[in-house]
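J.: I have a structure here, written as structure tokens, and I will follow up with some questions on it.
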Amino acid sequence: MFNKNKNPLAKKREISDTNLLTIITISIFILMYVFAVVFLGSGFKKPQTFCNMLNANASLIIISCGLSLVMITGGIDISVGYMTCLVCMSCAVHLDESMKNGSLFGAIMIALMIGVLFGLVQGYLVAYLDIQPFIVTLAGMFFAKGMTTIVNASQFNVKNAVFDALRYTKILLPGIGSTNKKGVFVQAYVEPGVIIAIIVVAFMFCFLRWTKLGRSFYAVGGNKQSANMLGIDVKRTKFLSHFICSILAAIGAFVYFMHVGSGSPSHASGYEMNAIASSIIGGTMLTGGVGNILGTFFGVLSLATIKDIVASIGLDDPWWINITVALMICLFLVIQSVVLSRKNKDK
């Protein structure tokens, strides 16, 4: 009787795998940042250092949220990097002063339209024609890369007064800052893109956690057959995951555009790999069914922190950063494997 009574507890603990991975990610991020503050000088002690991390990675946070959603359903999207590049170039050309009809609203609509088109096409091919997500989004990646060159093949800096006013807006954080060498208190600030990223994280977290549709993504990623037996439209759910991912990629791309203020075929190079890495570090499993948007948020911050730490100790060559990121991904894959084995033992 005693052993039988353990089964309900095992099932409850099984449901908490997502939360466990999220807690591990947050804990490792805190440990890394505390290590940086204690051992790597005063730079990490300044609140603006953390704010700059958010400023530089706001777009990646948004894109990673969308990619996590696709990965939760058991899919993948590797087109988000070059989609970002295409959005930046298209918006830059539209907003240039030589385009008399160019407007900030028009640029936002262009970004969203690109996201909608990619989402509709890729979502339909994956969900309703049952083509492998990797193949579909690989084609999307090459298409976006080619279209970027057609729009403009070189670096293109924006010259638009309205856009510049938005781009250089600083949202001051009351009471947060540091004293400079002259004894003057410098207030910390974030860019508008950070606020957008936080809103997206909050929305996606609530959407996945407390809505019926949000829970259906986990069900489809966990077991398609079981989800279908529960009355969930698997094809529709997979379609929506890719569609929402593309919309978030478009929003993240515009945030990236606000940060860099230009269009270039080299923009957001490797962004899709960084988004996948951030999702994995955040506890999203490639097998589907497990993931947490809050974990993804801290996954992006963990990835940015380890890069800054490596650069701070003098190993700022690209290969050292890549090796460190690879080791970090391997660490979290091992952690995920341990969590899975723990779940299997409970069964």
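The values are calculated or read from the model by the stated rules, or taken from the named source; none is laboratory data. Fair warning: this is a prediction, and the values are worked out from it, not measured in the lab. All Cβ positions, glycine included, derive from the backbone under ideal geometry; neighbour counts span all protein chains shown. Just the protein is used for accessible areas: all its heavy atoms, side chains included, with ligands, DNA and RNA removed. Shrake-Rupley method; radii C 1.70, N 1.55, O 1.52, S 1.80 Å.
J.: Using a 1.4 Å probe on the protein heavy atoms, what percent of the accessible area of the chain belongs to carbon and sulfur?
T.: 67
J.: Let me ask you something else. At a probe radius of 1.4 Å, what is the per-residue accessible area of Trp320, in Å² to the nearest 10?
T.: Surface accessible to solvent at Trp320 totals approximately 100 Å².
J.: Compute, for the range 189-285, the length of the dipole vector about the Cα centre, with Cβ point charges of +1 (Lys, Arg) and -1 (Asp, Glu) only. Units Debye, rounded to 20.
T.: I would put it at about 500 debye.
J.: Just name one of Gly81, Leu31, Val310: the one whose Cα is farthest towards the positive end of the charge dipole of the chain (beta-carbon charges, Lys/Arg +1, Asp/Glu -1).
T.: Going by the Cα projections, it comes out as Leu31.
J.: Tell me, in nm to one decimal, what length is gained between Leu286 and Met113 on full extension, where the rule is 0.36 nm per residue of separation less the Cα-Cα distance? Don't skip to the end; give the middle numbers.
T.: Values: separation 173, 0.36 × 173 = 62.28 nm, distance 2.86 nm.
Full extension of this stretch gives 59.4 nm more.
J.: Would you look at the GNM of the chain, springs on alpha carbons closer than 10 Å, and say which of Ala161, Ala249, Ala127 moves the most?
T.: Result: Ala161 has the largest fluctuation of those listed.
J.: Okay, next question. Which pairs break 31 Å Cα to Cα here: Lys170/Lys238; Lys145/Lys235; Lys145/Lys238?
T.: Numbers: Lys170/Lys238 38 Å; Lys145/Lys235 28 Å; Lys145/Lys238 25 Å.
The answer is Lys170/Lys238.
J.: Once you charge only the Cβ atoms, +1 for Lys and Arg and -1 for Asp and Glu, what is the size of the charge dipole of the chain about its Cα centre, to the nearest 20 debye?
T.: Dipole about the Cα centre, nearest 20: 1220 debye.
J.: While we're on this one: Take Asp317, Asp233, Asp77 and sort them by solvent-accessible surface of the protein heavy atoms, 1.4 Å probe, largest at the top.
T.: Asp233, Asp317, Asp77
J.: Per 10 Å bin from zero, what fraction in whole % of the C-alpha pairs of the range 49-161 is there, up to the bin with the longest pair?
T.: P(r) for the range 49-161, in whole percents per bin: 13, 38, 33, 14, 2.
J.: Same structure again: Between Gln187 and Leu331, with labels modelled 7 Å along Cα→Cβ, what's the label distance in nm to one decimal, could you check?
T.: 3.7
J.: Rounded to the nearest 500, what is the 222 nm mean residue ellipticity of the chain from helices alone, with -39500 (n - 2.57) per DSSP H run of 4+ residues and division by all residues?
T.: About -24000 deg cm²/dmol.
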